[in-house]
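The values are calculated or read from the model by the stated rules, or taken from the named source; none is laboratory data. Model, not experiment: these values are computed from the prediction. No Cβ is skipped: glycine too gets one built from the backbone with ideal geometry, and neighbour counts run over all protein chains shown. With ligands, DNA and RNA removed, areas are computed over all heavy atoms of the protein, side chains included. Shrake-Rupley method; radii C 1.70, N 1.55, O 1.52, S 1.80 Å.
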Amino acid sequence: MQTRRSLIDLDDFSSQELQDIFTRAAAFEEHRPERRLTGTACVNLFFEQSTRTFTSFNLAELRLGADIVNLRPSDLSSATKGESIEDTALTLAAMGVAVIVVRHSRNGFAEEVAQSFDGHVINAGDGTHAHPTQALLDLYTILREFPELQGRTIAIVGDVLHSRVAHSLVSGLKRFEANVVLVGPEAFVPSEYVSDGVRVERSLDAVLETADAIALLRIQRERFDVMPMSDAEYVERYCLSEARLKKLRERTIVMHPGPYNRGMELEECVLDYAGWRYAKQVMHGVAIRMAVLDLLVNGA
Ligand code: NCD
């Protein structure tokens, strides 16, 4: 199938399209656009819990004038009546649904939907694999501070192994030739992550004075069988504490995709830090998702 453009991971967009998305998002932030998705039916299908991404997609679709159906997984025939996700996708397409936004705990699920759906699929997070719209809003947020990313140092701290956010963000940062430093213990940041433009650092203290941006990650407890490290040890080594905050350079920004856990990856004082960009990330998310929807549905 796959006759229409989908966004499964950032590689689906050329560098020019990434720029196009950022330009559109900036325009949408400036002026609320006309209803560019009037008559376009969007189904939001979230098999995993979500506060930010779900609300953000809903608002983006509403602001573009789309018709929206939020389909709860427990309502799906595939849940109890044996229908395959392929047949669900065929059914939705036959009804005229043009866009499916999907989140699932299994890597590759969004791609599977895209293979059998005659419409656009947007991956809102599949397992530990990818979360492209989060990466786009993160990149957009960083680019707002540092329009030239080449040579900038971006540290991503914590459970990189299970973070679809980190996986997509790293691939985006490489496209912009930033220096990526992945920070965490081997169990969260395996040495195999080292590649061109990406290095691994075991000590958070070692990057505080050189990072331009620090992206903190939540420990994905739900994806571990056994936690490899106690909370106390994690906090001791990787929590962004007041003492660590004081070592950052003046222009260093701190980000988090949310949900963040106070007392784990950050101390409360981070929320008052001048460079804390969480609210901006969330705000940018709506404009970025509007831009992605607009590009996929209406073209360049
Ligand atoms: C993340 C996710 O679900 O991948 N959150 C988000 O979408 N903003 C990160 C997380 O759950 O820790």
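Can you give the calculated 222 nm mean residue ellipticity of the chain, where each DSSP H run of n ≥ 4 adds -39,500 (n - 2.57) and the sum is split over every residue, rounded to the nearest 500 deg cm²/dmol? Write out the running numbers ahead of the final one.
Working: 10 runs with 109 residues, N = 300.
Taking each H run of at least 4 residues, the total per residue is -11000 deg cm²/dmol.
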Problem set entry | Sequence-distant residues sharing a close amide H with A215 (under 5 Å, placed H) | A155, I156, V157, M255
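Where a ≥ b ≥ c are the square roots of the eigenvalues of the C-alpha gyration tensor, would you call the stretch 126-282 rounded, which needs a/c under 1.5, or, failing that, prolate if a/b is larger than b/c, or oblate?
Values: a/c = 1.35, a/b = 1.09, b/c = 1.24.
It is rounded, given that a/c, with a ≥ b ≥ c, falls under 1.5.
With +1 on each Lys and Arg Cβ and -1 on each Asp and Glu Cβ, how big is the dipole of the stretch 109-259 about its Cα centre, in debye rounded to the nearest 20?
Using Cβ point charges on Lys, Arg, Asp and Glu, the stretch 109-259 gives about 440 debye.
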Seminar exercise, completed: Ignoring ligands and nucleic acids, F47 exposes an accessible area, probe 1.4 Å, in Å² to the nearest 10, of 70
Problem set entry | Given charges at beta-carbon only (K, R positive; D, E negative), |dipole| of the stretch 203-300 in Debye | 320
Seminar exercise, completed: proj_area_mean for the stretch 63-169 (convex hull on C-alpha atoms), units nm², value 8.9
For this session: Name the residues whose placed amide hydrogens come within less than 5 Å of the amide hydrogen of W276, ignoring near sequence neighbours (fewer than 5 apart) on the same chain.
Result: V254
Seminar exercise, completed: Expressed in angstrom and rounded, the centroid-to-centroid distance over alpha carbons for the stretch 69-130 and the stretch 140-208 is 30
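Of the accessible area of the chain, with the probe set at 1.4 angstrom, what percent is carbon plus sulfur? Can you show the working numbers first?
Values: 6320 of 12990 Å².
Roughly 49 percent of what the probe reaches on the chain is carbon or sulfur.
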Seminar exercise, completed: Applied in sequence order to the stretch 281-287, the curve 6.51 cos²θ - 1.76 cosθ + 1.60 (Karplus, θ = phi - 60°) yields integer Hz couplings, x standing for Gly and Pro, of 4, 4, 5, 4, x, 5, 5
Exercise. Using the Karplus equation 6.51 cos²θ - 1.76 cosθ + 1.60 (θ = phi - 60°), what ³J(HN,Hα) coupling, rounded to whole Hz, does each residue of the stretch 39-44 give in order, writing x for Gly and Pro?
Worked result: x, 8, 8, 10, 10, 9
Exercise. What ratio of Cα Rg to 2.2 N^0.38 Å holds for the chain?
Worked result: 1.00
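Return one quarter of the surface area of the convex hull spanned by the alpha-carbon atoms of the stretch 93-133, equal to its mean projected area, in nm². Show your work: numbers first, answer last.
Details: hull surface 10.4 nm².
Average of the hull's projected areas for the stretch 93-133 equals 2.6 nm².
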Exercise. How far is helix 15-30 tilted off the main Cα axis of the chain, in degrees rounded to 10, range 0 to 90?
Worked result: 90
Seminar exercise, completed: To the nearest Å², the heavy-atom accessible area per residue of the chain with 1.4 Å probe amounts to 43
Exercise. Protein chains only, probe 1.4 Å: how do T80, T133, T23 rank by accessible area, largest first?
Worked result: T80, T23, T133
Problem set entry | R0 of 41 Å, Cβ-Cβ distance E30-T210: FRET efficiency to nearest 0.05 | 0.75
Exercise. Over its Cα atoms, what ratio of radius of gyration to 2.2 N^0.38 Å does the stretch 224-300 give?
Worked result: 1.48
For this session: Under a cut-off of 30 Å between alpha-carbon atoms, report the lysines in cross-link reach of K247, not counting same-chain residues fewer than 8 places apart.
Result: K174, K280
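About the Cα centre of the stretch 6-136, how large is the charge dipole given +1 on each Lys and Arg Cβ and -1 on each Asp and Glu Cβ? Please answer in debye to the nearest 20. Don't skip to the end; give the middle numbers.
Details: 10 positive and 19 negative charges, 104 e Å.
That gives a dipole near 500 debye.
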Exercise. Between L266 and residues 5 or more places away or on another chain, which pairs have amide H atoms under 5 Å apart, with H built 1.01 Å from N, and which residues are they?
Worked result: L240, N261
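With a ≥ b ≥ c the root eigenvalues of the C-alpha gyration tensor of the stretch 1-136, is it rounded (a/c under 1.5), prolate (a/b larger than b/c) or oblate? Walk me through the intermediate numbers first.
Working: a/c = 1.66, a/b = 1.42, b/c = 1.16.
Prolate, because a/c is 1.5 or more and a/b exceeds b/c.
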For this session: Measure off 7 Å from each Cα along the Cα-to-Cβ vector at E192 and E177, then give the distance between these two points in nanometres to one decimal.
Result: 3.0
Exercise. Between T128, V113, L92, whose Cα lies farthest towards the positive end of the dipole of the stretch 81-133 when Lys and Arg beta carbons carry +1 and Asp and Glu beta carbons carry -1, centred on the Cα centre?
Worked result: T128
